[in-house]
Structure formats: C-alpha cells, structure tokens
Amino acid sequence: MAETSARTGAYPDDKMSATRVIPAEAGEIFALLSDPGRHQDTEPGDWVRSSITSEPITRTGQVFSMNMFLEQAGGAYRMDNVVTTFEPETAIAWDPGQADAAGEVATGGWRWRYDLRPVDAGTEVTLTYDWSETTQDVRDQFGGFPVFPPAFLAASLASLEKTMTRRR
C-alpha cells in the first residue's frame with residue numbers, strides 16, 4: 001500500500017475507539033457480528049442497507065458484501081469487505097473495499113474491529129475504526145479522515161446493545 005499521510009494531532013494513531021458493556025454473552029454478540037445480514041442492526045443510521053452475502057463470516061480472508069447508502073457518496077453503493085480477524089467470541093475485523101470485475105477486492109486502508117471481553121455484567125465490546133493504512137490520495141478523495149465523529153462509534157455500540165437486548 002502507498003505511504004500514508006502524517007498523523008494528525010486529534011488522532012495521533014489514525015484510529016478511534018469506543019467501549020460499552022453490553023448485557024449479553026460474548027458468543028451471542030459474536031454471532032450477530034458474524035452475520036452480514038444483521039450488520040444494519042449495528043449502526044445508528046441507515047448507512048448499511050442490506051447484505052448481499054447471505055453466508056455467515058467463518059474465517060479470515062473471507063469476503064462479504066453489503067449494500068450501502070450515503071448521500072455524500074452519491075447515494076447507493078456496494079462495499080466488499082475482507083475479513084482480517086476472526087477469533088470466535090473474542091474479535092472480528094474487516095477491511096472495506098471495492099471488488100473489480102475479477103472479484104479481487106482493493107481495500108481502502110481503513111478497518112472496523114470489534115473486541116469482546118466477558119465481564120460480570122455481560123460483555124465489554126470495543127469498536128475501533130482504524131484508518132492508519134489509508135493513503136493520502138484516498139484521504140483527499142473522501143475529504144479527510146475520519147469520515148464521521150467519534151460519537152458515531154458510541155452510537156453504533158448503543159445500536160448493538162439495543163439489538164442484543166431486544167432479542168431476549
């Protein structure tokens with residue numbers, strides 16, 4: 001991947017995280033995160049519209065695809081995600097990108113990662129958005145990174161909790 005830009009003062013590691021204790025078992029949360037068909041239940045708006053991939057995530061290297069919508073991105077678009085971490089009940093991560101005609105995914109240099117840790121009240125979930133591998137060219141195309149405020153991560157975890165507690 002090409003060289004990334006200098007680190008910013010607000011985010012010296014080019015990443016941000018939010019943590020929340022969710023009153024559910026790590027296995028239940030991991031099952032939801034491993035199901036592309038449930039990803040719209042993990043974000044606070046309507047950015048994630050639906051899954052294209054119906055199979056659950058089961059391994060690193062797997063690609064799953066989603067229908068997305070963002071007005072600033074021109075409306076509807078497809079996102080193809082390469083799974084980079086798959087540790088059942090512990091961690092899951094993916095790098096979003098776009099597949100070419102041959103199905104090869106070129107990722108954009110940012111990553112979504114969920115880390116799960118059992119605690120007395122349920123599971124401590126840390127959501128990290130890491131754009132440290134994003135090239136300056138891509139950063140410029142998007143008008144800079146991060147593309148949303150840190151509150152988006154906290155709201156995403158609140159959506160995940162609402163989904164997990166609603167199912168009980």
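Stretching TYR77 away from GLU124 to a fully extended chain increases their span by 13.7 nm, per 0.36 nm per residue minus the current alpha-carbon distance. When nucleic acids and ligands are ignored and a 1.4 Å probe is applied, TRP112 ends up with an accessible area of around 40 Å². Ligands, DNA and RNA excluded, the heavy atoms of VAL125 present near 0 Å² of accessible surface to a 1.4 Å solvent probe. With a simple spin-label model that places each label point 7 Å from the Cα along the Cα-to-Cβ direction, the separation between SER54 and THR135 comes to 3.7 nm.
Can you pull out the trypsin sites (Lys or Arg not before Pro) in segment 10-108 that DSSP calls coil and that have at most 10 other Cβ atoms within 10 Å?
Within segment 10-108, the qualifying trypsin sites (Lys or Arg not before Pro) (loop, at most 10 other Cβ atoms within 10 Å) are ARG59.
Quick one: in the chain, what % of C-alpha pairs are over 23 Å apart? Every Cα pair in the chain considered, those over 23 Å come to 38 percent. Based on protein heavy atoms only, the chain ends up with 51 Å² per residue of surface accessible to a 1.4 Å probe. Solvent-accessible area of the chain (1.4 angstrom probe, protein heavy atoms only): carbon and sulfur portion equals 49 percent. The angle between the Cα long axis of helix 151-166 and the longest principal axis of the Cα atoms of the chain comes to about 30 degrees, rounded to the nearest 10.
Across segment 79-101, the residues whose backbone nitrogen lies under 19 Å from the label position 7 Å along the beta-carbon direction of LYS15 are 82-97. Highest GNM mean-square fluctuation, the chain, Cα pairs closer than 10 Å: which of PHE142, PHE64, PHE86? Taking springs between Cα atoms under 10 Å, the residue moving most is PHE142. Here the sum of -39500 (n - 2.57) over DSSP H runs of 4 or more residues, divided by the residues of the chain, equals -5000 deg cm²/dmol at 222 nm, to the nearest 500.
For segment 29-34, putting each phi into the Karplus relation 6.51 cos²θ - 1.76 cosθ + 1.60 with θ = phi - 60° gives couplings of 5, 4, 4, 5, 5, 7 Hz, in residue order, rounded to whole numbers and with x for Gly and Pro.
Note on exposure: THR53, THR107 ranked by accessible area (1.4 Å probe, complete protein assembly) read THR107, THR53, with the most exposed listed first.
The values are calculated or read from the model by the stated rules, or taken from the named source; none is laboratory data. Computed from a predicted model, the values in this text were never measured in an experiment. Cβ sites come from the backbone with ideal geometry, for glycine too, and all protein chains shown count toward neighbours. To get the accessible areas, we keep the full protein, side chains included, count just its heavy atoms, and leave off ligands, DNA and RNA. Shrake-Rupley method; radii C 1.70, N 1.55, O 1.52, S 1.80 Å.
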